[in-house]
Amino acid sequence: MTHRNVEFKARCPDPDRVLERLSELGARSQGVDTQEDVYYRVAHGRLKRRRGTIENNLIHYLRPDGDAPRQSEVRMHPLAAERGLDELLDAALTRDVVVRKRRHILWIDNVKFHVDEVEGLGSFVEVEAVDYDGDLGVAQLHTQCAEYLRLLGVADTDLEARSYSDLLRENPS
């Protein structure tokens, strides 16, 4: 599955307040996922294997760095419960970093919200406006992200340009 999204990540000093606000806005909870993302070194973009209690995927994405909502090109392949692919990836590629998190997953229409507690990093909120089939367009996705920045009260100073993998690489525990 390939899709385009526009997303932002921000530090979240009060995750309970964000979850309450999303509930007020009518967000539908998909549940709480305990995830492990193993990032591998690749020639371009990022490649990660995600294992969770809800989401299990092999994900490759291209995304520029930057604080403001930014566009990503995402390719995802669902994974089965078996671990054979993990062994294959470890044999063929070099592991870069492992991100462990507890993630609340919520949705409003095509917008996916993550309220994360990331091991070694703290709390974050991520918002991904997703266009699965090209019908919405990038401008609409940017508009949606800007609206949720406002509705969730995210301050510009809380926006985080770096991925969790970058942050962990910079501050290994």
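The values are calculated or read from the model by the stated rules, or taken from the named source; none is laboratory data. As the structure is a computational prediction, the values presented were derived from the model and not from experiment. Every residue, glycine as well, gets a Cβ built from its backbone with ideal geometry; the counts of neighbours run over all protein chains shown. Heads up: the accessible areas ignore ligands, DNA and RNA and are worked out on the full protein's heavy atoms, side chains in. Shrake-Rupley method; radii C 1.70, N 1.55, O 1.52, S 1.80 Å.
I'd like to verify a number: residues in segment 31-43 that are open to solvent by 80 Å² or more (accessible area, probe 1.4 Å) and touching a strand residue (DSSP E or B) at 6+ places or on another chain (Cβ under 7 Å), how many?
Of the residues in that region, 2 qualify.
Is it true that residue 18 is open to solvent by less than 50 Å² (accessible area, probe 1.4 Å) and of a type in the set (Val, Ile, Thr)?
Considered against the rule, which asks whether it is open to solvent by less than 50 Å² (accessible area, probe 1.4 Å) and of a type in the set (Val, Ile, Thr), residue 18 comes out as yes.
Can you name the residue in segment 97-117 that is touching a residue at least 24 places away in the same chain (Cβ under 8 Å) and surrounded by fewer than 18 Cβ atoms within 10 Å (Cβ to Cβ) and is also nearest to residue 157 (Cα to Cα) among such residues?
Only one residue tops the list, namely 117.
Could you tell me how many of the residues in segment 118-131 are touching a Phe, Trp or Tyr at 6+ places or on another chain (Cβ under 6 Å) and touching a residue at least 60 places away in the same chain (Cβ under 8 Å)?
Of the residues in segment 118-131, 1 are touching a Phe, Trp or Tyr at 6+ places or on another chain (Cβ under 6 Å) and touching a residue at least 60 places away in the same chain (Cβ under 8 Å).
Within segment 26-38, is even one residue closer than 23 Å to residue 131 by Cβ and hydrophobic (A, V, I, L, M, F, W, C)?
Yes, the conditions are met somewhere in segment 26-38.
Which condition breaks for residue 121 when tested against (1) open to solvent by 20 Å² or more (accessible area, probe 1.4 Å); (2) farther than 15 Å from residue 9 by Cα; (3) not aromatic (Phe, Trp, Tyr)?
Condition not satisfied by residue 121: (2).
Filter segment 57-96 down to the residues that are in contact with a Ser or Thr (Cβ under 8 Å, 6 or more places away or on another chain), open to solvent by 60 Å² or more (accessible area, probe 1.4 Å) and modelled with pLDDT under 90 and list them by number.
62
If residue 142 satisfies every condition in (1) open to solvent by 30 Å² or more (accessible area, probe 1.4 Å); (2) under 21 Å from residue 73 (Cβ atoms); (3) assigned to a strand (DSSP E or B) but one, which is the exception?
Among (1) open to solvent by 30 Å² or more (accessible area, probe 1.4 Å); (2) under 21 Å from residue 73 (Cβ atoms); (3) assigned to a strand (DSSP E or B), the lone unmet condition for residue 142 is (3).
Restricting attention to segment 35-78, which residues are outside any strand (DSSP E or B) and in contact with a helix residue (DSSP H, G or I) (Cβ under 9 Å, 6 or more places away or on another chain)?
65, 67, 68, 69
Between residues in segment 132-156 that are more than 10 Å from residue 10 (Cβ to Cβ) and residues that are among the small types (Gly, Ala, Ser), which pairs lie under 6 Å by C-beta distance while being six or more apart or on different chains?
Close Cβ pairs (under 6 Å, with a partner that is among the small types (Gly, Ala, Ser)) amount to 141/129; 144/129; 145/129.
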